[in-house]
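Each reported figure results from applying straightforward, stated rules to the coordinates on display, with no laboratory input. Nothing here was measured: the structure is a model prediction, and the numbers come from that model. Glycine gets a Cβ as well: all are built from the backbone with ideal geometry, and neighbour counts include every protein chain shown.
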Amino acid sequence: MPAAQQKSELQKKRRARRQKLSAIFDALDRFGSRLSAADLKELGIRHEKEMSLDGNDGPKFFSAYCDVLNKPAPGVLDNYISFDPKHGGKPYYNAQALASYFTYYSARCDCPNEDISPAGICYADYGDHNFGALMDLTFGRRWGVKATWHMPDREAPHMVVAMFSEMAEGIEDALFHGEVKTTIRVMHGRLKKASLRSNLFAPVLIFSAIGEHHLRVIEAYHDGKELVMRTTKLFDLGQRDDDLLVTLSKWHLGGASAKSTKSPESDSLDIGVAETRTIS
């Protein structure tokens, strides 16, 4: 296939994925805060449950930190979160506190071999990425993004996100509308970025703090047909668990895996200027 035709086909595929993401985003407000299996099917979302962080069924587009990672040194973050003792009392603020604590914990983990094994992510001010609003303060369904990170290789489309949701119950496996909206805003923004237009996939890894004191990890990507959202179980962080927090931090800091995000033909193409439409 001639290069010009390859380029045109790649742009069509990327545009089609953005259009499908936009259609899901526009339809979300017709559904409740918790999205049932029937809701997800109607929206065009495939929810794959029980993604593992310590087995063979881990994230596909992301990898764990490959070297030694220790918990923060004594004297650093010694005091754990004071969650509201009344269940359902302050789920939004509890989730917000957990997202903040995890972000700080991961950043302060001890990496004794950092000189030869640096972290695979770089902090990114999401306001610079034109993702649109990454929060919703509607009472009863509030959510927000704490921070985002991109890869050291600026041509890698991967993004890592820490967020929080108000949902009061942390014992269910439903996806929440805030998790889906965050995924779509970030992914849509990456799929229209000029420097990334050789990529068909724009994977997102989300560390999602939920309700009282739970956190799960979500890997999301669009496969051309559906928005795929792969989730771990809900991890209970009502009490400080350094083994769990270090495991989560390894995945937070690891960065992109070797799995390709490109079409087979895209490496040789001269990719042009991106479209600038933003999801409102």
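Once both labels are modelled 7 Å past Cα along the beta-carbon direction, what's the Ser22-Met135 spacing in nm?
With each label placed 7 Å out from Cα toward Cβ, I get 2.7 nm.
Hey, can you rank 113-122, 245-254 by average C-beta count inside 10 Å, highest first?
Numbers: 113-122: 14.7, 245-254: 21.9.
The densest-packed peptide leads the list: 245-254, 113-122.
Just how large is the dipole of the chain about the Cα centre, in debye to the nearest 20, putting +1 at every Lys and Arg Cβ and -1 at every Asp and Glu Cβ?
My answer is approximately 1180 debye.
How would you classify the chain from its alpha-carbon gyration tensor, with a ≥ b ≥ c the square roots of the eigenvalues: rounded for a/c under 1.5, else prolate if a/b is greater than b/c, otherwise oblate?
Values: a/c = 2.03, a/b = 1.31, b/c = 1.54.
Oblate.
If you average the sequence gap of Cα pairs under 8 Å that are 6 or more apart and divide by the length of the chain, what percent do you get for the contact order? Don't skip to the end; give the middle numbers.
Working: 538 pairs, mean separation 81.0, N = 280.
29 percent.
Quick check for me: using +1 on Lys/Arg Cβ and -1 on Asp/Glu Cβ, what's the dipole size of the stretch 177-220 about its Cα centre, in debye to the nearest 20?
Working: 7 positive and 3 negative charges, 76 e Å.
Dipole size: approximately 360 debye.
Do any chymotrypsin sites (Phe, Trp or Tyr not before Pro) in the stretch 129-194 lie in a DSSP loop with no more than 16 other beta carbon atoms within 10 Å, and if so, which? Numbers along the way, then the final one.
Details: sites: Phe131, Phe139, Trp143, Trp149, Phe164, Phe176; in loops: Phe131, Phe139.
Qualifying residues, ordered by number: Phe139.
Run the helix sum for the chain: -39,500 (n - 2.57) per DSSP H stretch of 4+ residues, divided by residue count, reported at 222 nm to the nearest 500 deg cm²/dmol. Mind dumping the intermediate values first?
Working: 5 runs with 77 residues, N = 280.
Estimated from H runs of four or more residues: -9000 deg cm²/dmol.
Given the options Leu69, Leu43, His252, identify the residue whose Cα lies farthest towards the positive end of the charge dipole of the chain (+1 on Cβ of Lys, Arg; -1 on Cβ of Asp, Glu).
Leu43
Which distance in nm do the two modelled labels at Tyr123 and Lys49 give, with both placed 7 Å along the Cα-to-Cβ direction?
Taking the two extended label points, one gets 3.7 nm.
Go ahead and set up a Gaussian network model of the chain, Cα springs under 10 Å, then flag whichever of Thr138, Thr148, Thr183 fluctuates most.
Thr138
Long-range amide H contacts for Lys146: which residues qualify at under 5 Å (H placed 1.01 Å from N, peptide plane, sequence gap of 5 or more or a different chain)?
Residues meeting the amide H criterion: Ala162, Met163, Phe164.
If you count, for each residue, the other Cβ atoms within 10 Å and average over each peptide, how do 205-215, 187-197, 231-241 line up from highest to lowest? Intermediate results must be reported in sequence, preceding the final value.
On the way: 205-215: 24.8, 187-197: 19.5, 231-241: 16.5.
Taking the mean over residues of other Cβ atoms within 10 Å, the ranking is 205-215, 187-197, 231-241.
With r defined as the distance between the Cβ atoms of Ser82 and Ala38 and R0 fixed at 41 Å, what FRET efficiency is calculated, to the nearest 0.05?
Details: r = 38 Å, r/R0 = 0.94.
About 0.60, to the nearest 0.05.
For a quick check, take a GNM of the chain with Cα springs below 10 Å and name the residue from Val145, Val68, Val160 with the largest mean-square fluctuation.
Looking only at Val145, Val68, Val160, the largest GNM fluctuation is found for Val68.
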